[in-house]
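Everything on this sheet refers to the single structure shown next.
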Amino acid sequence: MDTIPTRRQLLRTTAMRATAIAGIAGWLATVGRGQDRASRASPHDWLTSDAQAVIDNGLRYLGHEAQGRDGSYSDSRSGFGNVAITGLAGLALMSGGHQPGRGAYGQAVARAAHWIAERGERSSPIGYLNNADALLSHGGMYQHGFGALFLAEVHGMLHDPAAAARIRDVLAKAVTMTRNSQNREGGWRYEPVPNQADVSVTVAQLMALRAARNAGLYIPKSTVDKCVEYIKACQRSDGGFCYIKGQGFAGSAFARSAAAVVGLFSAGEYEGREIERGLKYLMNFLPGDRHPIRDVRPEHYYYGQYYAALAMWTAGGNYWSTWFPAIRDELLARARTTPRGIWSDYHGSAYATAMACIILQLPNNYLPIMQK
């Protein structure tokens, strides 16, 4: 008699089918170091029961408390729904196996996707995933990048054909807008115009483009090649990355360097001098370490750790096996210092909790863009 598959097997099968249908074999068929102990090990090899309890508490907060009535998640500075934070919260819930309409928080994921899609439908330019109601001074393309990443990841998991078609249409418009706003150097900055560029915003767009390509959308190789050229031009002699090409005087820093390495991975650059130097630079900031050059600014803590964990997850091997236990223990310690056991920072609890939960749930391997 056939055995009944477990919920984990069903979730993994669904995600893998969605990725295969999307055409991941085209652009990113090779994952380099990814086939190692990190991908073969069970999540239980990396997550203790204490860690899972803290994760469950964070997901409960995101799924039942933090979401607004309209489906959005807010930045504590403005009080308005923020596309980036909404996308990250959706990714955090999906990292726990909650799909649109399925799982304890499936409705929260679906509502987040609906709210972000609505932003793209009513924006100017069309497809710009930014909450114009927020009136933030800058950062619109951050919202766009993380919002497009979420839509690309969620669209293959929607079971309603009409909803899936709607998300795909918005995502296609978002990709077109992204391509049209790439500057001559190959990057992007805060606004959807092809003027300036910086490493941080550029990586947000590149990850979204990779996810969109995984979802079956056409992404010209020239667009990606220009991104890679820009990111590599920002690398410094110490292996880290400066913020803006040509501003070498600003020096390297942890958060943007972690993002830059992930950007190269997202473009299919899994090996090479830039990757090795970048990873070695990041190891100077091993969580819990008291290395004298540690310079993680408080407002960039979760952003930097998010990208660093993604970099180490993709690099695998000793990088992952050294990094993950360290960041896991540091994040658990941070959660225990708050009365409610959730994370918070400059941008608020929804943002910090989403970032922490994504990091801690990487071993689940549920999100298509992070699968090995």
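Apply the Debye scattering formula to region 31-370, with a single equal point scatterer on each alpha-carbon and no solvent, then give log10 I(q)/I(0) at q = 0.12, 0.15 Å⁻¹.
-0.79, -1.31
Starting at the first residue of region 141-154, write each ³J(HN,Hα) from the Karplus equation 6.51 cos²θ - 1.76 cosθ + 1.60 with θ = phi - 60°, in whole Hz, x for Gly and Pro.
Each residue's phi maps through the Karplus curve to give 6, 5, 4, 4, x, 5, x, 5, 4, 5, 4, 5, 6, 8 Hz.
At 0.36 nm per residue, minus the direct Cα-Cα distance, what do HIS44 and THR338 gain on full extension? Give it in nm, one decimal, please.
103.3 nm
Which order results if ASP75, ASP198, ASP70 are arranged by neighbouring Cβ count within 10 Å, fewest first?
If I rank by nearby Cβ atoms, fewest first, I get ASP70, ASP198, ASP75.
Which ordering of PHE80, PHE150, PHE265, PHE324 is given by a fewest-first count of other beta-carbon atoms within 10 Å?
Going from sparsest to densest Cβ surroundings: PHE80, PHE324, PHE265, PHE150.
Return the Cα extents of region 80-156 along principal axes one, two and three, sorted largest first, each rounded to a whole Å.
That works out to 36, 19, 17 Å along the principal axes.
Only sites in a loop by DSSP and with at most 14 other Cβ atoms within 10 Å count here; which chymotrypsin sites (Phe, Trp or Tyr not before Pro) in region 211-264 make the cut?
TYR218
If each residue of separation counts as 0.36 nm, what is the full-extension length gain between ASN57 and MET283 once their alpha-carbon separation is subtracted?
Roughly 78.4 nm would be gained on extension.
Laboratory data are not the source of any read-out in this text; all were calculated from the coordinates shown. Just so we're clear, the structure is a prediction, and the values are computed from it rather than from any experiment. FYI the Cβ positions are ideal-geometry reconstructions off the backbone, even for glycines, and counts take in every protein chain you see.
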